[in-house]
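Q: Sharing a structure, written as structure tokens. Questions coming.
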Amino acid sequence: MDVWRQVLSNVCHDHGTFESTFDLNRMTSAEMEHAAISPYHFATLLEKRAVVPLATRLLHLRHRSLVDIHLVPGGRFLLTLGRDMTIDLWDLGYNPGSLIRYLPIATLTPQPGYLDRGIASIQPNEKETSSFYLFLRDIDSNRNYSVSIIAVYPLSPTSAFRAFRKKDLTTLAAESLSISVNLCVFPYDLGYVIWDYVSDLSTVWVESETPVDSQLFITISRDCVITYDENNFYTWDVSDLQPSIARQAEGDPPVLSPAFRFRRAHMESESEVIVYVTRNGWPNGRAIDVNSMFITGSEDFLDVYVVEKFRGQSSGVSLVIPRLKATTMLPKETRNYDMPPGRFANNTFVQPYQLLYSGNIQVAVLDSTKPDSLSTMELCTEASDGVFSFCPMSGRLCVLDVNQANIRVIDFVVPTVA
């Protein structure tokens, strides 16, 4: 058992999976083995184009009307958001043989005075691995925007949602909020704010060249911020963080120019376009500072970029540059604006998306060891518009049925029978 415990711990680290998904003190050796080898089994199925549902269970909603669902990385826990802004946490079990509990294991009800609420991100808690962070984008009755950070404890004897931090935002900041492990970035006045939400440290700077309102699409790594508009990428070096935004705002924030400007592969020519960015943090846990992937999309193309770090031979200065890894044409009916974050299964990057008219869910698949190997395949049919969540590490897909009465919990990897 100690061997599989260590193997599963390594797999979680490599795939950016939350340790709070797996109760290593209670899991059997067989459960650990299944969880540890699931990403390798699923990657093999993708390579052979042999992905078929092997088990389907139903989560009965019992008159709950949902607008969003999110699988916690690892596939065991599911977060659902109702039209009444109630958030439920469900335990789906480690494998397809687990029974789904009749009721959620925890519920977060909205406070009075809220008009709207959305799930912005789920991030791991590196200091307390028994919990993870849930980010909520809220609008109150005065139409003020804010982000609330909730610490979720799924494995505690009394599973609970506990308030952690809250920050008021402008409309522009709320719409462009980008979140990663420990950090988030958002527009601020004429520049940007980087906020370490764990330590409550931040920094702010003003952009010298391009107006902020033309760069609404932002993503971050531990080393830099990347913004981009319809034509270009811009990379920015992360400066030292300070205890308070307000204290910095008393003086003039520094004016910075991009460290690097990079032309996008597919530039947009139409006046109204939809550009998608993986905002939910970097999709892979593997070598996060060196080799991170994110997606851009237009009506026709899906581009996968790898963010790489280069060091100049003469200057010795490091540059973080987005390099096009692969590209593929997407069907005209792709709902690219509803794509959830892509993630890894072994060395295979998997990006799910939904087709607009049929409702079918497909995945774009890229073997990171084989350049230009990007391909697409179908996972599921007849899903409710935009309400689905997929975890490649576990090979588990959750979709809201078109009648919205049930969530289908579909497993593409099942335990090996001894």
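Q: Looking at the stretch 397-418, which of its residues are open to solvent by 10 Å² or more (accessible area, probe 1.4 Å) and touching a helix residue (DSSP H, G or I) at 6+ places or on another chain (Cβ under 6 Å)? Can you show your working first?
A: Taking the stretch 397-418 as the starting set, the residues that turn out to be open to solvent by 10 Å² or more (accessible area, probe 1.4 Å) are 401-406, 408, 414-418.
The one that is open to solvent by 10 Å² or more (accessible area, probe 1.4 Å) and touching a helix residue (DSSP H, G or I) at 6+ places or on another chain (Cβ under 6 Å): Pro415.
Q: Consider the stretch 16-40. How many of its residues are in a helix (DSSP H, G or I) and over 19 Å from Val414 (Cα atoms)? Walk me through how you get there before you give the answer.
A: Here is the first cut: in the stretch 16-40, the residues in a helix (DSSP H, G or I) are 19-21, 29-40.
Going one step further and asking which of them are over 19 Å from Val414 (Cα atoms), we end up with 19-20.
So the count comes out to 2.
Q: A further question follows. List every residue pair whose Cβ atoms lie under 8 Å apart, where the two residues are 6 or more positions apart in sequence or sit on different chains, the first residue falls within the stretch 382-404 and is more than 14 Å from Arg76 (Cβ to Cβ) and among the acidic types (Asp, Glu), and the second residue, located anywhere, is modelled with pLDDT of 90 or more and buried (at least 22 other Cβ atoms within 10 Å of the Cβ).
A: As it stands, the answer is Asp401/Ile407, since those pairs meet every condition given.
Q: Still on this structure: Return the residue satisfying two criteria in turn: it lies in the stretch 18-35 and is hydrophobic (A, V, I, L, M, F, W, C) and within 21 Å of the chain's Cα centre (by Cα), and of such residues it is farthest from Ser156 (Cα to Cα).
A: Kept after step one, since they are hydrophobic (A, V, I, L, M, F, W, C), are these residues of the stretch 18-35: 18, 22, 24, 27, 30, 32, 35.
Within this subset, residues satisfying the condition of being within 21 Å of the chain's Cα centre (by Cα) are 18, 22, 35.
On the way: Phe18: 15, Phe22: 12, Ala35: 21 Å.
Per the criteria, the residue is Ala35.
Q: Failed condition for Tyr133, given (1) open to solvent by less than 40 Å² (accessible area, probe 1.4 Å); (2) over 16 Å from the mean Cα position of the chain (by Cα), with all others met?
A: Going through (1) open to solvent by less than 40 Å² (accessible area, probe 1.4 Å); (2) over 16 Å from the mean Cα position of the chain (by Cα) one by one, Tyr133 breaks only (2).
Q: Now for a different question. Given the criteria more than 23 Å from Pro322 (Cβ to Cβ), modelled with pLDDT of 80 or more and open to solvent by less than 60 Å² (accessible area, probe 1.4 Å), does Ser178 qualify?
A: no
Q: Considering only residues that are outside any loop (DSSP other than H, G, I, E, B), more than 15 Å from the chain's Cα centre (by Cα) and buried (at least 21 other Cβ atoms within 10 Å of the Cβ), look in the stretch 380-396 and name the one that is modelled with the lowest pLDDT.
A: Here the residue is Ala383.
Q: I've got another one for you. Considering (1) without any contact (Cβ under 8 Å) to a residue 24 or more places away in the chain; (2) out of contact with any Gly (no Cβ under 9 Å at 6 or more places or on another chain); (3) open to solvent by 50 Å² or more (accessible area, probe 1.4 Å), say which one Arg165 fails and leave the rest.
A: Condition (1) is where Arg165 drops out.
Q: Can you tell me which residue in the stretch 181-212 is modelled with the lowest pLDDT, limited to those that are open to solvent by less than 30 Å² (accessible area, probe 1.4 Å) and part of a loop (DSSP other than H, G, I, E, B)?
A: Filtering the stretch 181-212 for residues that are open to solvent by less than 30 Å² (accessible area, probe 1.4 Å) and part of a loop (DSSP other than H, G, I, E, B), the one modelled with the lowest pLDDT comes out as Thr210.
The values are calculated or read from the model by the stated rules, or taken from the named source; none is laboratory data. Please read all numbers here as calculations on a predicted model, not as lab measurements. Virtual Cβ from ideal backbone geometry, glycine too; neighbours counted across all protein chains shown. Calculation scope for accessible area: heavy atoms of the full protein, side chains included, ligands and nucleic acids excluded. Shrake-Rupley method; radii C 1.70, N 1.55, O 1.52, S 1.80 Å.
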